[in-house]
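Shown next, in C-alpha cells, is the structure this report addresses.
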Amino acid sequence: MAALSDQLLVVAILGYLLAMICHAAEYAFGTRSLVGRAAVRPERELALVGAGAAAGPVLDGPAAEVEPTLSDGAAERPDGDATPRPAAGGGESASKAALAGGVAVGLFAIAAAVHLAVLVTRGIAAERMPWGNMYEYVLAVTFVGSVGWLWLVSRRTSIRHLGLFVALAMVLLLAVAGLVLYVPIVPLLPALNSYWFIVHVSAAALSSGLLLLGAVPAVMYLIRDGYDRGKRSFPYTLGARVPAAATLERLTFRLHAFAFPIWTFAVMAGAVWAEAAWGRYWGWDPKETWAFISWVVYAGYLHARATPSVKRPVATWIAVVGFLTMQMNLYGVNIFFEGLHAYGGLD
Amino acid sequence: MAKLDDRAATGPPREVDEPTRPVRRTPAPLALLRNSWRQLTSMRTALILLFLLALAAIPGSLLPQRNVNIEKVGDFQREHPDLFPILDRLGGFDVYASPWFSAIYVLLFTSLVGCIVPRLRDHVRALRAVPPAAPKRLDRLPRHAVLSDHDGDLSAIAAMLRRRRWRVVVRDGEVAAEKGYLKETGNLLFHFSLVAVLFGVALGSWYGWHGNRLLIAGPDHAFCNTVQQFSESKLGQRVDDGDLPRFCLELTDFDATFLPSGQPESFRAHVRVEPWGRTPYAASFSVNDPLRLDGANVYLLGHGYAPILRYTDRYGKSLVSEQAFLSIDGNLTSEGAAFFPDVNVDPATGRRDPNLQVAFEGLYFPTTPEDGPAVRSVYPAERAPGLFLRAYRGNLGMDAGIPGSVYSIDQRQVANGRLKEIGDGKLLRPGETWTLDDGTRLEFLGTREYITLSVRYDPGEKIVLASAALLLVGLTPALFVRRRRVWFRVVPAPADTSTTSRSSLVEVGGLPRTDYSGFAEEFDQLVAAARRGGTVTEEETD
Ligand code: HEM
C-alpha cells in the first residue's frame, strides 16, 4: 500500500503536468488576446509553454492535437507569433483554446482523483489519518486546493485561464513534497495521538488549501492590475489573458473570506489540544507564533478590504503577505525552528 | 463615529472615501485629544496596528524566549555575549511581555473598544428603527426596475418581502425593506469576543500559576505542591504560595513503549495522589491526557532515567545517590552527575576533609552499543544499560554558596586544580563495582525512572474558550451575510402606457450596502415576485 501510494504520487504529478500543458495550450490560443492586442510581448509566456511541452513529452487522447503547435512553440520560436494568430483566426483558435481548456480541466480532475488515491492509500498503509508529518500534510493541503479549484471552475468557466497557474503550483508543491519532504510511513508520535489530531489538522489543512488556492487569484489580480495600468514588463505580460481584474479580486476575497473562519477554528482547536498536551492553550511556540501572525495578517486583509480608503491592490498585497506567512509556518518553522511542534519528520 | 459607520457599512465601498481630518478650529488641547481619539479609532489605524502586531510577534519566534525555553536563552547568551545585553534591554527575550508588544496590543484594543462601542449603540438603534425612506431618485441606485401594469397595491409586495424575511415598512405609496442586519450583529459579536479573549488571558496571568519539576519514582521522592518544591515556577500577580491547592504526588510506575525504530509509541505515568486531608488514591496520566485535580492540572512533559549509585568511602561508610540524568537525544542518552560532598568524614574526629569530596559525571545509555565506543545510546528502552562515568576528587565548590548545576560538576573547580579527575573513566553495567585508586568503591545498583511534569492552573481558560467560540459564531454571519435595501414606490402611470384604468407603475430600487455580487440576481427575483404578486389576476385573465 505504501509503495502504491508513492507510485500514485508520480502519476498525480504527471497528471497535473499534463493539465498544465493543456492549459498552456489554451493560453497560447487564448481568446483574450484580442483584448491583449499587439502590445503583448509573449516571449516569456512562450518560454513557459515551451518548458511545459518539453517536460511532458507524452500526450495522448484529444490533448495530442495541440502538441504539434506546442512543440514548434518551443523556446527559440520568434517573438510575437502566438499573439497575431488567434487575433487573425479568432473563431478557429478560440474553439481550439476551448477544447484545450476543457481537456485541461478533465486532466486536472483525473489528477485530483489520483491525488486523493495517494492520500487514501497512504492512510490505509499507516492505519491513521494521512496527515501525520509534513510530507502528508502538504499532500493534504494541495489536495484541498485542487478540489477547491475544480469546484470553482465548474461553477464559472470564465476563470479557467487561471488553471495554468493552479496546475503549476500543484506540480511544484507536489514535487517538493515528493523529493524533499518525503518520509516513510511511521505511526504517530504519542503527542499526536489524540482525536484533536483529526480535528485540528484537518481544519488547518482545509483552510491552508483554500488560502493556497486564494493566493493564485491574488497574485494574478496584482499582475492583471499592473497590466491594466500599462505595465508591460515580465510578470505583468501574464496579465494579458487572465480574467478581468475585478473578477480576480472578488474571487480572491471570496476564497479568503471562506477560509478565514476555518483557519480561525483550526488555530482554536490547536489551542484546545495544546492545553491537553502541554498544559497551556497558548505558549508562543514558533508554530503558534506564526499561526498567530498569519491570522492577524489575514484579519488585516479582510479589514483592509472593508476599508474604503485602502486601495484594492494594497489589500490584495496583504493577502499575499498572509500567504507568505503561511508558507513560512509550513516550511520555515518545521525546518529551521525548534519547538514543540516537532512532527515534520525531517532531521 | 457616525462617519466611520457609514464608511464601514454603506456600499459600494470604494466610492466613499476616508474623511479628511476634521479641521481644528481652536487649538485647544481638548480638540487635539478629540482628534487623536478619532484617529485612533479609525479603521486605518486599526489596520496599521494589526500589521504592527504581526510584525512585533516575529522576533519572538526568531529569538529564544524566557517563558518558552529558558535554557535556550542561556545558550544564546553564551554564544553572543556582546549582542545579548542589547537585545535583552530591548525585551528581545521576553517579546510577548515587552513594553512595545504590550503597547501595540493595548492601543489596538483601545482602538477596538473605541470603535465598537459607538457601533453597538448605532446598531441597537438600527435594529429598533424601521428601514429608511427611499431616496428621491430610485433610478440612481445600483439596481433599478419599473413594474408596469401594477394594481398599485403595495401590501402584496410587503407581504412577499416579509415572507422572504425582509424587514419591511409601508409608508404612503412606498415600501422600504432592509435585510442582513445579522452581518453587523455578527461583526460586533466578533469584535467584542476579541476583547473577552483578552480579558480571559489577563485573568489567567493574574490568577494563574504553574510549576515544573522532575519526579523520580518511589516514595522517597514524592513531592507536595508548594512553590519550594518546584524547580521552576511562576505565580500570577494575584497568587501566592498559600493559594496553591495542597496535594502530594508519588510516581509509582512509568510505562513507555517504543517502536523497533526507537520512536516512542506511548507513555503513561502511574501515580499515587494524596489530596490534603483526604484518602490517597491511584491515578494515571499521559501525554494528551493530563491528571485533572481540584484547582490544578498535572501534565506529563518528559521522562528519563535516574541511576542509583552507592559510594563506599575510606572509612567504609556508604552513601546512595539517586540523581536524574537528563536525556540529550531520542534514544535517551542521558547526561548527569552524582555528588558525594559528605564522604570521608573521619569517624574519630567527625571532621570532614573538604578536599576529599567525591563526584562522578558522565553518560547513561539505556541501550549501550554492542561494539564501538559507548558515546550514544542506540535504543530508548533499557535493553543493555551502561553508565560511563568519570570520577573526581577534591573540593566540589559547593560550599561557596553559589548554586551550581546538579547535572554537571563545576568545571571552574577542575580548571583551578581544586578538583581532580581520578583515572580515565569507566563503563559500568548494573551491579558492577568500580574501585578507585584510594580503595573507595562505587557501585551501579540500577536505575529508577523519572518524569518531568508541569502543574498548572489557569482560571481564564474557560473564559478564553467561551469567547473564542463566540468569536467564531460572530465571524460567520459577519463575513457571509450581506446588508441590502430595496424600495418599491408607486408612481402614477402615464396615460398612454396604462392598459386599464386601475393600473399604475411601481418603481423599484435596490442598494447593496456591502460588496455583494449576487445582488443583481436577488433583485431580479424580487422584482419578478412582485410582478407576479401584484398582477396575478390580470395575467390570468389575459
Ligand atoms: C484586535 C483587532 C481586530 C481584529 C483581529 C479584527 C478583525 C476583523 C475581521 C477578521 C473582520 C472581517 C469580518 C467582518 O467583516 O466582520 C473585521 C471587520 C471589521 N472590523 Fe475589525 N478587527 C480588529 C479591530 C477593529 C477595530 C479597532 C475597528 C475599528 C476601527 C474595527 C472595525 C471593523 C469593521 C467596521 C469591520 C467591518 C467591515 C465590513 O465588513 O464592512 N476592527 N475585523
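The values are calculated or read from the model by the stated rules, or taken from the named source; none is laboratory data. Because the structure is predicted, anything quoted here is derived from the model rather than measured. Virtual Cβ from ideal backbone geometry, glycine too; neighbours counted across all protein chains shown. Heavy atoms of the whole protein, side chains included, go into the accessibility calculation; ligands, DNA and RNA do not. Shrake-Rupley method; radii C 1.70, N 1.55, O 1.52, S 1.80 Å.
Of B:Tyr96, B:Leu53, B:Leu120, which is farthest on the positive side of the dipole of the stretch B:29-121, counting Cα position, with +1 on Lys and Arg Cβ, -1 on Asp and Glu Cβ, and the Cα centre as origin? Checking the options against the dipole of the stretch B:29-121, the answer is B:Leu120. One compactness figure for the stretch A:222-297 is 1.66, namely its Cα radius of gyration divided by 2.2 N^0.38 Å. Could you give the size of the charge dipole of the stretch B:29-121 about its Cα centre, using +1 on the Cβ of each K and R and -1 on the Cβ of each D and E, expressed in debye and rounded to the nearest 20? Dipole of the stretch B:29-121, to the nearest 20 debye: 760 debye. In the stretch B:29-121, the portion of solvent-accessible area held by carbon and sulfur atoms comes to 69 percent [1.4 Å probe, whole percent, DNA, RNA and ligands not counted].
Structural descriptor for the stretch B:29-121: relative contact order 38 percent, calculated from alpha carbon pairs under 8 angstrom and at least 6 residues apart. Contact with the other protein chains removes 10 Å² or more of accessible area, compared with the isolated chain and a 1.4 Å probe, from these residues of the stretch B:223-265: B:Leu259, B:Gln263, B:Pro264, B:Glu265.
Kirkwood radius and radius of gyration were both taken over the C-alpha atoms of the protein assembly as shown, and their ratio Rg/Rh is 1.07. By a 1.4 Å probe calculation restricted to protein chains, B:Tyr207 has an accessible surface near 100 Å², given to the nearest 10. With the biggest extent put first, the Cα atoms of the stretch B:29-121 measure 54, 28, 17 Å across the principal axes. Counting every Cα pair in the stretch B:30-72, what percent are over 15 Å apart? Of the Cα pairs, 61 percent sit more than 15 Å apart.
Structural descriptor for the stretch B:304-450: relative contact order 26 percent, calculated from alpha carbon pairs under 8 angstrom and at least 6 residues apart.
The mean number of partner chain beta-carbon atoms within 10 angstrom of a residue's beta-carbon across peptide B:53-64 is 5. Our analysis of the stretch B:38-190 gives Rg over Rh at 1.32, with the two radii drawn from alpha carbon positions and Rh computed by the Kirkwood formula. Are there any residues in the stretch A:256-272 with a reduction of at least 40 Å² in accessible surface when going from the isolated chain to the assembly of protein chains? Probe 1.4 Å, please list them by number. Hits at the 40 Å² cut-off: A:Pro261, A:Met268. Rolling a 1.4 Å probe over the protein heavy atoms gives the protein assembly as shown an accessible area of 46 Å² per residue. Computed about its Cα centre, the charge dipole of the stretch A:96-208 is approximately 420 debye, with only Lys, Arg, Asp and Glu carrying charge at their Cβ. Its Cα centre serving as origin, the protein assembly as shown has a Cβ charge dipole (Lys and Arg +1, Asp and Glu -1) of approximately 3800 debye.
Descending by average beta-carbon neighbour count within 10 Å, the peptides B:358-365, B:220-227 line up as B:358-365, B:220-227, the highest first.
Per-residue SASA remark: B:Thr279, around 110 Å² accessible (1.4 Å probe; ligands, DNA and RNA not included). Solvent exposure of B:Arg34, expressed as accessible area, is near 130 Å², computed with a probe of 1.4 Å over the protein chains only. Between A:Ala244 and B:Tyr407, the simple label model (points 7 Å from Cα in the Cβ direction) yields a spacing of 6.5 nm. Our helix-only sum for chain B, with -39,500 (n - 2.57) per DSSP H run of n ≥ 4 divided by its residues, gives a mean residue ellipticity at 222 nm of -10000 deg cm²/dmol.
Within chain B, the proportion of C-alpha pairs whose separation exceeds 46 Å stands at 45%.
Measuring r between the beta carbons of A:Leu324 and B:Tyr281 and using R0 = 60 Å, the FRET efficiency lands at 0.70. Would you be so kind as to identify all helices of chain B, as entire DSSP H runs, whose Cα atoms reach 18 Å or more along the helix's own axis and whose mean Kyte-Doolittle hydropathy is at least 0.5? Long hydrophobic helices here: B:43-57, B:99-128, B:181-207, B:461-480.
Which whole number in µm²/s is D for the stretch B:304-450 by Stokes-Einstein, with the Kirkwood Rh taken over Cα pairs at 20 °C and 1.002 mPa s?
In µm²/s, the coefficient rounds to 137.
Over all directions, the average projected area of the alpha-carbon convex hull for the stretch A:128-220 comes to how many nm²? All intermediate terms of the calculation are to be shown ahead of the outcome.
Working: hull surface 26.0 nm².
Averaging across all directions leaves 6.5 nm² for the Cα convex hull.
Considering only B:Pro385, B:Ser327, B:Pro341, the residue lying farthest towards the positive end of the dipole of the stretch B:304-450 is B:Pro341, judged by Cα position with unit charges set on Cβ.
At a 1.4 Å probe radius, which order do B:Thr257, A:Thr316 fall into by accessible area, largest first?
Values: B:Thr257 60, A:Thr316 0 Å².
Order by accessible area, largest first: B:Thr257, A:Thr316.
Only protein heavy atoms count here, probed at 1.4 Å, and on that basis chains B and A bury about 4500 Å² of accessible area in total.
Shown are B:Trp276, A:Trp273, whose ranking by accessible area with a 1.4 Å probe and every protein chain present, most to least, is B:Trp276, A:Trp273.
Among the protein heavy atoms of the stretch B:304-450, carbon and sulfur supply 48% of the accessible surface, probe 1.4 Å, non-protein parts ignored.
Take the alpha-carbon centre of the stretch B:357-384, take the same for the stretch A:264-343, and report the distance between them in whole Å. Each part reduced to its Cα centre gives a spacing of 42 Å.
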